[in-house]
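Everything below concerns the one structure shown next.
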Amino acid sequence: PQQGATHDPAVWDKIKEHPCYSAEAHHYFARMHVAVAPRCNIKCNYCNRKFDCVNESRPGVVSKRWSPEEAAEKVAVVAARVPQLSVVGVAGPGDAVFDARKTLETFDLIRRRLPDIRLCVSTNGLALPEQVEALKERDVDHLTITINYLDPEVGAEIHPWIVHNRRKWVGREAVRILHERQMEGLERAVAAGMLVKVNSVLIPGINDGAEIAAVNQAVRARGVFLHNVMPLISDPSHGTVFGLEGRRAPTPAELDAAREALGGDGARMMRHCRQCRADAVGMLGADLRDELDLENAAPV
Ligand code: SF4
Ligand code: SF4
């Protein structure tokens, strides 16, 4: 079968215009990210917080932040000039679901102007269970959760702390809570009819091999649509190796082998992800931000 193959027409309807969910659609449709959500509630050791959330975006990039009003205006400008625009997503620069007030307000403003656009969100999952309903009410039908581990020993090497219920949790306790909330959020989102993509950052020596396979099994069993195994990008100039000092990125061959091992039947592994910026505009891999000059574009 093709990547993300399905025989359900309702599901096909949702994926066929989404460049990230369909390997075919990424040649024809464009997406736009709006960086409206700066706050984050966990610590990933590969993130240094000066830059965008690395769980969905390219490391080492500082996105242009907008208020919900500015974002809705810029989306309208892009929609008027880029007819291929089919999806608008919030992927940071922090966690879009933890910073839900700004994300939801942005979606409401966009919906008023563009009732047919598809909405997309990415998150570390910690705040997800309580927000699934609100996202569903806004017809958000594409959701990405970053899940890097099942085993708390492994998780503690990747995520040293979380903030949950107004309290900071560290170590094993933190990753136990994060894991439970990720699985609960995933289950609720699938039950609500969303198409869920899981991103996993492949970190050689930490979660490669059996751990990534266990994540793949767990998320497939819960109805995930697509699993995107992304490479850790550990160039220190990108500032992404803080707590992972000495860890290197997987080689292209290691990444291919990991994806091959998981996607044995050829289905449901994402291979065309470009780790785009939290303010990306355009086709995957061909950014239009400069061409559109959104900062100076006249309102529509
Ligand atoms: Fe959605 Fe992620 Fe694709 Fe952006 S890159 S449109 S957040 S799946
Ligand atoms: Fe950074 Fe994103 Fe992790 Fe938050 S969830 S620490 S913004 S990579």
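The values are calculated or read from the model by the stated rules, or taken from the named source; none is laboratory data. None of these values were measured; they are calculated from a predicted model. Cβ placement follows ideal geometry from the backbone for every residue including glycine, while neighbour counts extend to all protein chains displayed. All accessible areas refer to the heavy atoms of the entire protein, side chains included, with ligands and DNA or RNA removed. Shrake-Rupley method; radii C 1.70, N 1.55, O 1.52, S 1.80 Å.
THR251 exposes around 60 Å² of accessible area when a 1.4 Å probe is run over every protein chain in place.
Probing with 1.4 Å while keeping every protein chain in the model, the per residue accessible area of the stretch 73-164 equals 33 Å². Add +1 for every Lys or Arg and -1 for every Asp or Glu among the other residues with Cβ under 9 Å from the Cβ of ASN207, and state the total. Net local charge, ASN207 excluded: -4.
Our summary gives the stretch 107-157 a relative contact order of 40 percent, counting only alpha carbon pairs under 8 angstrom and 6 or more residues apart. Considering only the other residues whose Cβ falls under 15 Å of the Cβ of GLU153, what net charge follows from Lys and Arg at +1 and Asp and Glu at -1? With Lys, Arg at +1 and Asp, Glu at -1, the net is -3. The trypsin sites (Lys or Arg not before Pro) of the stretch 122-166 that meet both conditions, a loop assignment by DSSP and at most 15 other Cβ atoms within 10 Å of the site Cβ, are ARG166. Starting from the Cα gyration tensor of the stretch 146-210, take the square roots of the eigenvalues, sort them a ≥ b ≥ c, and report rounded, prolate or oblate (rounded when a/c is under 1.5, otherwise prolate if a/b is larger than b/c, else oblate). Oblate, because a/c is 1.5 or more while a/b does not exceed b/c. The slack between ASN165 and ALA257, meaning 0.36 nm per residue of separation minus the straight C-alpha distance, is 29.2 nm. The overall shape of the stretch 85-144 is prolate: from the C-alpha gyration tensor, with semi-axes ordered a ≥ b ≥ c, the ratio a/c is 1.5 or greater and a/b exceeds b/c.
When the P(r) of the stretch 111-178 is calculated, the portion above 16 Å amounts to 56% of the C-alpha pairs. Potential lengthening of the chain between ASP290 and ALA134 amounts to 52.8 nm, from the contour at 0.36 nm per residue minus the alpha-carbon distance. Figure note: HIS142, HIS179 ranked by solvent-accessible area, largest first, 1.4 Å probe, ligands and nucleic acids not counted: HIS179, HIS142.
Checking the a/c ratio against 1.5 first, then a/b against b/c, what shape does the Cα gyration tensor give for the stretch 173-221? Oblate is the answer for the stretch 173-221, as a/c is 1.5 or above yet b/c matches or exceeds a/b.
Solvent-accessible surface (1.4 Å probe) assigned to GLU291 amounts to roughly 140 Å².
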